1. Considering every residue within the range 144-153, establish whether at least one is under 18 Å from Pro303 (Cα atoms) and assigned to a loop (DSSP other than H, G, I, E, B).
2. Failed condition for Ala209, given (1) buried (at least 22 other Cβ atoms within 10 Å of the Cβ); (2) assigned to a helix (DSSP H, G or I); (3) small (Gly, Ala, Ser); (4) touching a helix residue (DSSP H, G or I) at 6+ places or on another chain (Cβ under 7 Å), with all others met?
3. Can you name the number of the only condition in (1) out of contact with any Leu (no Cβ under 8 Å at 6 or more places or on another chain); (2) modelled with pLDDT under 95 that Ala326 fails?
4. What do you reckon, is Val134 modelled with pLDDT of 95 or more, more than 25 Å from Ser248 (Cβ to Cβ) and either part of a strand (DSSP E or B) or not aromatic (Phe, Trp, Tyr) (or both)?
5. For the subset of the range 329-359 comprising residues that are hydrophobic (A, V, I, L, M, F, W, C) and closer than 21 Å to Glu267 by Cβ, which member is modelled with the lowest pLDDT?
6. Quickly run through the range 322-336 and pick out the residues that are of a type outside the set (D, E, K, R) and either within 24 Å of the chain's Cα centre (by Cα) or open to solvent by 70 Å² or more (accessible area, probe 1.4 Å) (or both).
7. Please name all residue pairs, on different chains or six or more residues apart, with Cβ atoms under 8 Å, provided the first residue is in the range 318-337 and is of a type outside the set (Phe, Trp, Tyr) and the second residue is open to solvent by 70 Å² or more (accessible area, probe 1.4 Å).
8. Of the residues Pro317, Pro298, which single one is out of contact with any Phe, Trp or Tyr (no Cβ under 9 Å at 6 or more places or on another chain) and either among the small types (Gly, Ala, Ser) or farther than 24 Å from Asn128 by Cα (or both)?
Amino acid sequence: MADAKVIPFDDDRSRGTNGQRASRRRGAGNRRSGPPSPAVGEVQPLPGRASAPDDDAGLSGEPPARDGAGGESGADGGGSDGLEQRLASGLAFLRRRLTGDYEVDDFGYDEELTDQVLMSLLRPVYENYFRVEVKGVENIPSEGGALIVANHSGTLPMDGLMMQVAVHDNHPAGRHLRLLAADLVFMLPVVNELARKLGHTLACAEDAARLLEQGEVVGVMPEGFKGLGKPFADRYKLQRFGRGGFVSTALRAGAPIIPCSIVGAEEIYPMIGNARTVARLLGFPYFPLTPTFPWLGPLGLVPLPTKWTIQFGEPIPTDGYPPEAAEDPMLMFNLTDQVREQIQHTLYKLLVQRRSVFF
């Protein structure tokens, strides 16, 4: 694999407009405010057809209520009628996938596939393996753009996926989290396809601004690989947050910044070493050595079943600043430091309250 080029979120280099994305009409279930903004960046959407019948299941404006197993709840959910309805819904879903009668947006996000398949695959890990406890989800606004800023850890980016499930399954308005990821994610086969279907896009200011203008909830982890691949000895110590690019983007969009603290991810793959030579050969930013990997082979890739807590903090408003505030380096530094300190303080508080790493 060629050396991965990591594009920092706060890189202000122009990404050009010649590779304009093909626009796709979205269904009724996709929540957007206002007309779509001009396409920017180089992210190309996945191929898809832009037509969907109005009666397609799973594309209604309100998400279905879920029972404990992640299925739809109802009075007859456990009877034969409920089984027949689920079977009919599943067959209709397969028909739409086989005929191409479904929709993706300009970033490749497939809301129907995410709701009905991908979240169902992630939910058992979220609920039964990591047993994630969510706090403060009501701090995420019910409508309009918002930027969630979280700590990053765990050697592999499981924390981003668990945060996405936390918002999807717990927010009262059924909001979806659109994550910003390093370009290494989009260079990996299979991972690239799944990331786009889940709504992820490149961690650059242009794409983040476009999503916020469309009223999306956007998630960013400014530590990047510095936080994800830090040694186990430095667990829960936040790394550098960059030059404040996420603050500048939030200021331009007038979107609130929501600090998010995640406890439990640091221990799933305790990184006790880094094989830098192997990392350079493979084009990775690091090659982790843990107590189980690579010594146990594929079995070493199984994460430890730690107990997680995800807490969304009080929003930091940005709509009260003038437009030129986005160019003020001192203001960006102060807001970046405020977000970082709030996340770090909450991490320490959650660690004190935690009874055990696994319980």
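The values are calculated or read from the model by the stated rules, or taken from the named source; none is laboratory data. What you are looking at is a predicted structure, and each value in this text was computed from that prediction instead of being measured. Note that we place each Cβ from the backbone using ideal geometry, even for glycine, and neighbour counts take in every protein chain shown. For the accessible areas, the whole protein counts, side chains as well, though only heavy atoms, and no ligand, DNA or RNA atoms are used. Shrake-Rupley method; radii C 1.70, N 1.55, O 1.52, S 1.80 Å.
1. yes
2. Exception for Ala209: condition (1).
3. Among (1) out of contact with any Leu (no Cβ under 8 Å at 6 or more places or on another chain); (2) modelled with pLDDT under 95, the lone unmet condition for Ala326 is (1).
4. Yes; evaluated as a whole, the condition is true for this residue.
5. Within the range 329-359, the subset hydrophobic (A, V, I, L, M, F, W, C) is 330-333, 335, 339, 343, 347, 350-352, 357-359.
Add one more test, that the residue is closer than 21 Å to Glu267 by Cβ, and what stays is 343, 347, 350-352, 357-359.
Numbers: Ile343: 98, Leu347: 98, Leu350: 97, Leu351: 97, Val352: 96, Val357: 96, Phe358: 95, Phe359: 90.
Checking each candidate, the answer is Phe359.
6. Pro323, Pro329, Met330, Met332, Phe333, Asn334, Leu335, Thr336
7. Listed by first residue and then by second, the contacts come to Pro323/Arg252; Ala326/Arg252; Leu331/Tyr321; Met332/Arg243.
8. Exactly one of Pro317, Pro298 is out of contact with any Phe, Trp or Tyr (no Cβ under 9 Å at 6 or more places or on another chain) and either among the small types (Gly, Ala, Ser) or farther than 24 Å from Asn128 by Cα (or both), namely Pro317.
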